[in-house]
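Please read the structure below before turning to the comments.
The values are calculated or read from the model by the stated rules, or taken from the named source; none is laboratory data. All figures in this text were calculated on a predicted structure; none of them were measured in a lab. Here the Cβ positions follow ideal geometry from the backbone for every residue, glycine too, while neighbour counts run over all protein chains shown.
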Amino acid sequence: MKKITNIESTFKNKALFLQALTHRSWVNENDKKRGTNERLEFLGDAILEFIVSKKLYSKFPDKEEGYLTALRANLVNTKNLYDVAEKIGLGEKIFLSKGEEDGGGRNNPSLLADTVEAIIGALFIDSGLTKAEEFIKENILVDLDKRAKAPLKDPKSLLQEVIQAQKLPAPKYSVIDEIGPDHDKKFTVEVIIDDNRRAKGEGRSKSEAEQMAAKNALSSYCEIELDNIK
């Protein structure tokens, strides 16, 4: 498979490529000369999840759902997509307002990750699923064997990746109970996801209780059983 080194050259519709690079801040400053990349991002996000899910399902036939979900989250998280954007030089190409650019938009991990998803959506519309899948395989589904062997993150880190992969704000933790003397405390912590109370956890420290709350949230909210992930 020939590696894509110049993304623009793969597009038949150059206007579609430009739209994929257009942040809403630029549209507001330029009299809506073209649409934002947000609809393309929405489409690209769904295509990315589908292609990655299909690959993991076929490559790891002996792994349970929880493992596949966790590995997928590690592949499509903001950091990985930001790294892809850096590798293909998207930051210098994005259309931003002056304020967004002055605020560091060209190096904003979340903004760049969203742009990668918009590129995927645009590739799908321009050339079909095969071209979008080619891009994903070359830039995101790389070093898969190495990633699969890497140790899983702790429950809090894993929960944050899973939740942010769903485009939701990072989970919040709140101590709701604290009992016992100083030398033998027991904390109860609640984890809140998208403004909804999702799970509780107990521990001898706040940190331990937060990890238990995250583990319980992974089980109840995300249907990931950590004991099954190896």
For this session: Starting from residues that are acidic (Asp, Glu) and at pLDDT 95 or above, keep the ones in the range 1-44 and report whichever is farthest from Asn74 (Cα to Cα).
Result: Glu38
Seminar exercise, completed: Note on the range 153-178: residues more than 12 Å from the chain's Cα centre (by Cα) and either assigned to a helix (DSSP H, G or I) or surrounded by 16 or more Cβ atoms within 10 Å (Cβ to Cβ) (or both) are Pro155, Lys156, Ser157, Pro171, Tyr173
Problem set entry | Contacts under 7 angstrom Cβ, first residue in the range 92-116 being closer than 19 Å to Leu43 by Cβ, partner of a type in the set (D, E, K, R) and surrounded by 13 or more Cβ atoms within 10 Å (Cβ to Cβ), 6 or more apart | Ile94/Arg106; Asp114/Glu41
Exercise. Which ones in the range 44-60 are part of a helix (DSSP H, G or I) and surrounded by fewer than 18 Cβ atoms within 10 Å (Cβ to Cβ)?
Worked result: Ala46, Glu49, Phe50, Ser53, Lys54, Tyr57, Ser58, Lys59
Exercise. Is it true that Leu123 is within 23 Å of Phe42 (Cβ to Cβ) and touching a residue at least 24 places away in the same chain (Cβ under 8 Å)?
Worked result: yes
Exercise. For the range 5-43, what are the residues that are closer than 13 Å to Glu117 by Cβ, of a type in the set (A, V, I, L, M) and part of a helix (DSSP H, G or I)?
Worked result: Ala20, Leu40, Leu43
Problem set entry | Those residues of the range 132-148 which are assigned to a helix (DSSP H, G or I) and crowded, with 17+ Cβ neighbours inside 10 Å, in sequence order | Ala132, Glu133, Glu134, Phe135, Ile136, Asn139, Leu144
Exercise. What are the residue pairs meeting all of these: first residue in the range 64-86, first residue in contact (Cβ under 8 Å) with a residue 12 or more places away in the chain, second residue in a helix (DSSP H, G or I) and among the charged types (D, E, K, R), Cβ atoms under 6 Å, and 6 or more apart or on different chains?
Worked result: Ala73/Glu161; Asn77/Glu161
Seminar exercise, completed: By residue number, the members of the range 63-92 that are closer than 30 Å to Ala217 by Cα and β-branched (Val, Ile, Thr) are Thr69, Val76, Thr78, Val84
For this session: Answer yes or no: is there a residue in the range 101-112 that is crowded, with 21+ Cβ neighbours inside 10 Å and under 21 Å from Asp126 (Cα atoms).
Result: yes
For this session: Keeping to the range 179-214, report how many residues are under 30 Å from Glu117 (Cα atoms), modelled with pLDDT of 90 or more and not in a helix (DSSP H, G or I).
Result: 3
Exercise. Looking at the range 215-230, which of the residues that are modelled with pLDDT under 85 and in contact with a Leu (Cβ under 6 Å, 6 or more places away or on another chain) is farthest from Ser174 (Cα to Cα)?
Worked result: Ile229
